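Below: one structure, written as structure tokens.
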Amino acid sequence: MVVILKFGTPQEQIDKIIENIETLGVKVSPTYGENITILGLVGDTSRIDPQKLEANKSVERVVYIQEPYKKANRKFREMDSVFKAGGVTVGGKRITVAAGPCSVEGEEALLELARSVKESGAAFLRGGAFKPRTSPYAFQGLGLEGIEYLKKAKAETGLPIVTEIMSPAYLETFVDYVDVIQVGTRNMQNFDLLKELGKTKTPILLKRGMSSTIEELLMSAEYIMSEGNENVILCERGIRTFETYTRNTLDISAVPALKRQTHLPVFVDPSHASGKWWMVEALSKAAVAAGADGLEIEVHTNPECAWSDGPQSLKPEKFAALMQILRGIAGAVGREI
Ligand code: PEP
Ligand code: MN
């Protein structure tokens, strides 16, 4: 349930309304806009009589939220969420790009790549230290050693880091050193992990489960937000369909659908969506044109020798050229990169 207050309602009056509602056992989360104040009610609202609320002279109207996600719902917060992640603003006019290798492979290689993607205009350095591989015999990531290299690359270049968490066992280390904690497609519905991440303040990049609906993605965001962490970035990274030509199928319609349903920033990962480096440019352009707030792109100095996901990784010079092209697309849709 959402309570929209009349323009100009004094703060004292707002506080009084919140207090009255909270005595009925419901949590109130207020959003103060320029012209409007919205009170989002979360919890069991069955004891709340909307007619009584509407009888209050400061209340404009009471709206029911039909969808099962509340805090993530655009009805709950009309304005786009904009927040800082490692000093970088996410969700505003500027489109932010996270670029880097699929896996962190070594200190020097990562540093060289970090310098290069920064020069091309990336806002974040991505790199997997803990890798969710389909085969237990495949390279599983450098683990904590990988986090050390990411920290060094950040210290050297200033680029904030994005890396995937697979288990709450390393949560403390992630909270201390990682700027954006990624939840991968395979863990989108690891609800215990989501709840633990919800207790932190670190921004979360939540990737869509490969067989999950848009509503399921939003419910997973709700798990994180319901615990208090509202800095969630959603990421469309391709879904499973009958098509086998590409690794996944990029659901470009998820971008406008999510932008309509939620105030959270929406990213697109064209690398995992396609599995093919030569498709990354076209899909990135489509994502920016469709309204994405950011991109996550795999880049590798020597894709043929990458320890994971080489076939979908761009070489640094291709990434630089892509960023240039994307600036034009962003400008055409009223955004910047
Ligand atoms: C990744 O970003 O390296 C990754 C494994 O992504 P996803 O979870 O989308 O497959
Ligand atoms: Mn990868």
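Scanning residues 5 or more positions from Arg126 or on other chains, those with amide H under 5 Å from its amide H are Ala99, Gly100, Val162, with H placed 1.01 Å from N in the peptide plane.
Volume per residue of the convex hull around the Cα atoms, evaluated for region 265-304, comes out as 62 Å³. Points 7 angstrom from Cα along the Cβ direction at Ala257 and Gln13: gap in nanometres? It works out to 4.1 nm between the two label points. When the trypsin sites (Lys or Arg not before Pro) in region 17-96 are filtered for DSSP coil states and for at most 12 other beta-carbon atoms within 10 Å of their beta-carbon, the remaining sites are Lys57, Lys93. Compared with the direct C-alpha span, the chain from Arg47 to Glu148 gains 31.2 nm at full extension, assuming 0.36 nm per residue. Spin-label model, Asp192 to Glu119: label points 7 Å out along the Cα-to-beta-carbon direction sit 4.6 nm apart.
The accessible area of Val63, taken with all protein chains in place and a 1.4 Å probe, comes to roughly 40 Å².
Summarising the label geometry, the points placed 7 Å from Cα in the beta-carbon direction at Val175 and Asn20 lie 3.8 nm from one another. Within a straight-line Cα-Cα reach of under 18 Å, Lys16 can be paired with the following aspartates and glutamates, leaving aside sequence neighbours fewer than 8 residues apart in one chain: Asp49, Glu54, Glu60. Estimated from helical segments only, the mean residue ellipticity of the chain at 222 nm is -10000 deg cm²/dmol, where each DSSP H run of four or more residues counts as -39500 (n - 2.57).
From largest to smallest, the equivalent ellipsoid semi-axes obtained for region 2-63 from the alpha-carbon gyration tensor read 17, 12, 11 Å.
Report the calculated FRET efficiency for Lys199 and Val82 (r = Cβ-Cβ distance, R0 = 25 Å), to the nearest 0.05. Can you show the working numbers first?
Values: r = 23 Å, r/R0 = 0.90.
Step by step, r from the Cβ atoms, then E = 0.65.
Shape class for region 83-332: rounded, because the ratio a/c of the largest to smallest gyration tensor axis (alpha-carbon atoms, square roots of eigenvalues) is under 1.5.
Among the trypsin sites (Lys or Arg not before Pro) in region 246-287, none is located in a DSSP loop while being surrounded by at most 12 other Cβ atoms within 10 Å of its own Cβ.
Computed from the alpha carbon atoms alone, the convex hull of region 118-184 holds 94 Å³ per residue. Rolling a 1.4 Å probe over the protein heavy atoms gives region 135-276 an accessible area of 41 Å² per residue.
Take every Cα pair under 8 Å whose residues are at least 6 apart in sequence, average their separation, divide by the length of region 1-79, and the relative contact order is 40 percent.
Suppose a student asked you for the relative contact order of region 83-332, using Cα pairs under 8 Å spaced at least 6 residues apart; what percent would you report?
Reported as a whole number, the value is 19 percent.
Computed over region 171-310, the range of Cα coordinates on each principal axis works out to 40, 35, 25 Å, biggest value leading.
State the percentage of accessible surface on region 2-63 attributable to carbon and sulfur atoms; use a 1.4 Å probe and exclude ligands, DNA and RNA.
In region 2-63, the share of accessible area belonging to carbon and sulfur is 48 percent.
Computed over region 113-239, relative contact order equals 19 percent, with contacts defined as Cα pairs under 8 Å that lie 6+ residues apart.
The GNM of the chain, with springs linking C-alpha atoms under 10 angstrom apart, assigns the highest mean-square fluctuation among Pro136, Pro160, Pro303 to Pro136.
For the pair region 1-18 and region 147-195, the centres of their Cα atoms are 38 angstrom apart.
The values are calculated or read from the model by the stated rules, or taken from the named source; none is laboratory data. Everything numeric here is computed off the predicted structure, so don't read it as measured data. Note that each Cβ is placed from the backbone with ideal geometry, even for glycine, and that neighbours are counted across all protein chains shown. Please note that ligands, DNA and RNA were not included when accessible areas were found on the heavy atoms of the full protein model with its side chains. Shrake-Rupley method; radii C 1.70, N 1.55, O 1.52, S 1.80 Å.
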